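The values are calculated or read from the model by the stated rules, or taken from the named source; none is laboratory data. All figures in this text were calculated on a predicted structure; none of them were measured in a lab. Because the Cβ atoms are built from the backbone with ideal geometry, glycine has one as well, and the counts that use them run over all protein chains shown.
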Amino acid sequence: MRTFPQPGAITLLATILSTCLLLFLFQKIIWLIVPLLLALMLYYCLRPVVAALVIRGVRHKTAAQFVWLLLQLITIAIFFEMVLLVPAKTGTWQSDFGRYLAGGQNLLKKTAETLEQMVPIFKSMKLDEQVDLLAQQFTDRFNGRNLLPFALQLLKFLPSLLLIPYITYFMLNDSTRLKKYIIKSVPNAFFEKSLLLFSRLDASLLNYFQGLILLTLLDTACLAGGLEMLGITNAIWLGLASAVLAWIPYLGSVIACIGVVIVAATDFPDKYWVAYACLVLFLCVRTLDDFIFVPLTIGRKLHIHPVLSILMLFLGAMVAGAAGLILALPLFGVVAVICETASQVVTDRRLKTRYRATRQLVSSQGSI
Amino acid sequence: MKFFKSDTNEQRVEMLKNVPIFHDLTSKEILEVDELLHERVYEPDEIIFEEGDQGHGVFIIISGKVRVDPCHKLLKTANLEFGPGELVGELTLFDEAPRTATVVAIERTVTVALFQAEFSSLLTKNKSIGVKVLNEIARILSRRTRQLLLQEKHCPSV
């Protein structure tokens, strides 16, 4: 994304507080926020499709309707697939869940044993027993749990996904009017600069989301290819899920890596090197991402300082629980860009002076 | 379904039809261009834009009158009051550069602004409209350049 000048302390504080406030409010309407964020992403990805149709002579509204229809059909297909799949598969998922937990536990045990053999200090620390105890406690917490309530929760959340095509259509059809409506509320003095920043922000978001989709495809290809070569089952789906999870900064990649390593450890209980190979694969793809894919697709990402990222993750979890943990960084990124843009407009001395002069002018004309 | 609409379509078409750069457009085409325009109202003595501002668009005067205060010697002798249908700031529509003059409203002035981003999208998405508007703007630019050149001829001190 385009880099803006570094924010000042007040802007940063305002960004953190706004993010926390939004997270607090959003946890009550999480069913709306997730479709809204996905619709925003789809809007930026589908906008070029609508533009291409318009260039070929289709009216803008018709083009938006056509894209909406396609999106609606896909969403309905996914919705019904999920409605049929979730109740039917809950039993299988329940047994698979236990199997994978045991697989992960075995991998940890084996790793601890290997470490004990290689490093004597771990043997004196009884690392094997400690890891086994921790893994057992963790497994016991989840093993007895029934996945049915979770599956029902997932089903309850599904109808809100039907909102995605509607919100996307609204954005595709009315984004210009919405932009005009927002800009209308800006005083004359700040009008031109606001519009300029608005256009730049829009162009940056367009590049960012399109780049993100391309990056996801590249990540999926690399991960799926690597996992396939290692002989992991459902390599494509695991690769895709891992690439999508990587949208959540830091946390997403870690969760995806743990998941795939557990799957590998369960699929190959006697070949633990496969699980370690998966770990190496993830590290390689991560390195490729940082040095080749990201500069090629997204360019310079919205940089958030690691300390600030960790702080936001903690604040997010504290304010809005699990949802806050997931939404904290993407939301912080969006709020940071808005706050920095707004601060650039309102801190421009030249424009501020002009705004004050206009106000004086209007009030003096009113008093005549 | 239409959101965020203010005036009726007929009023908008009527208003924009009187602007020379939209003369060649049909009513339907004018409505499409209208989607991209930003209407602003300026009070007397209010600055529309200032010399040195980062400009990126043209202001089309719908009603009222504006005065241009240039710093350039060449422009100081020119007629620098503009009324309905005329454009100000057209240079920055093609090149994001600092404004070369300050424009102030003499009386209550209604303008519509067309900016680079919107103009580019018009040229890409709807070439026939874009070319008509571009043609008119080019005509105005060449007329103004010619006027300036003639002025320079009779003004050896500049």
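On the given criteria, is A:Ser194 among the small types (Gly, Ala, Ser), more than 10 Å from every other protein chain (Cβ to nearest Cβ) and either surrounded by fewer than 18 Cβ atoms within 10 Å (Cβ to Cβ) or farther than 30 Å from B:Arg40 by Cβ (or both)?
Details: among the small types (Gly, Ala, Ser): yes; more than 10 Å from every other protein chain (Cβ to nearest Cβ): yes; either surrounded by fewer than 18 Cβ atoms within 10 Å (Cβ to Cβ) or farther than 30 Å from B:Arg40 by Cβ (or both): no.
Judged against the criteria, A:Ser194 is not a match.
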TODO: Inspect segment A:212-231 for any residue being farther than 30 Å from A:Trp273 by Cβ and crowded, with 18+ Cβ neighbours inside 10 Å and give the result as yes or no.
DONE: yes
TODO: Write out, first by first residue and then by second, each pair whose Cβ atoms fall under 8 Å of each other, whose residues are 6+ apart or on separate chains, and whose first residue, in segment B:41-59, is more than 7 Å from chain A (Cβ to nearest Cβ) while the second is surrounded by 23 or more Cβ atoms within 10 Å (Cβ to Cβ) and polar (S, T, N, Q).
DONE: B:Val41/B:Thr109; B:Val41/B:Thr111; B:Ile48/B:Thr109; B:Ile48/B:Thr111; B:Phe59/B:Thr111
TODO: Keeping to segment A:175-191, report how many residues are surrounded by fewer than 18 Cβ atoms within 10 Å (Cβ to Cβ), of a type outside the set (Val, Ile, Thr) and free of Cβ contacts under 8 Å to residues at least 40 places away in the same chain.
DONE: 5
Open item on the list: With the requirement that a residue be in a helix (DSSP H, G or I) and free of Cβ contacts under 8 Å to residues at least 40 places away in the same chain, what does segment A:49-62 give you?
Closed with: A:Val49, A:Ala51, A:Ala52, A:Leu53, A:Val54, A:Ile55, A:Thr62
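Residues A:Leu302, A:Leu331, A:Leu315, A:Leu325: which one is at pLDDT 85 or above and under 19 Å from the mean Cα position of the chain (by Cα)? Talk me through it step by step, then tell me what you get.
Numbers: A:Leu302 fails: at pLDDT 85 or above; A:Leu331 fails: at pLDDT 85 or above; A:Leu325 fails: at pLDDT 85 or above.
Only one candidate passes the filter, namely A:Leu315.
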Task: Residues satisfying the stated conditions in segment A:320-338, i.e. within 12 Å of A:Ile16 (Cα to Cα) and crowded, with 22+ Cβ neighbours inside 10 Å - done: A:Ala328, A:Leu329, A:Leu331, A:Phe332, A:Ala336
Task: Leading residue by the ranking (farthest from B:Thr145 (Cα to Cα)) among those in segment B:100-117 that are at the interface with another protein chain (Cβ under 10 Å from one of its Cβ atoms) and surrounded by fewer than 21 Cβ atoms within 10 Å (Cβ to Cβ) - done: B:Arg108
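Residues that are aliphatic (A, V, I, L, M): list the strands (runs of 3 or more DSSP E) wholly contained in segment B:31-123 that include at least 3 such residues.
On the way: elements: B:38-42, B:47-49, B:57-63, B:66-70, B:101-105, B:109-115.
Filter on segment B:31-123 gives B:57-63, B:101-105, B:109-115.
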TODO: Please indicate, with yes or no, whether at least one residue in segment A:299-311 is crowded, with 20+ Cβ neighbours inside 10 Å and not in a loop (DSSP other than H, G, I, E, B).
DONE: no
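Given the criteria crowded, with 16+ Cβ neighbours inside 10 Å, within 30 Å of A:Phe170 (Cα to Cα), within 14 Å of chain B (Cβ to nearest Cβ) and small (Gly, Ala, Ser), does A:Ala63 qualify? Step through it out loud before you land on a result.
Numbers: crowded, with 16+ Cβ neighbours inside 10 Å: yes; within 30 Å of A:Phe170 (Cα to Cα): yes; within 14 Å of chain B (Cβ to nearest Cβ): yes; small (Gly, Ala, Ser): yes.
The answer is yes for A:Ala63.
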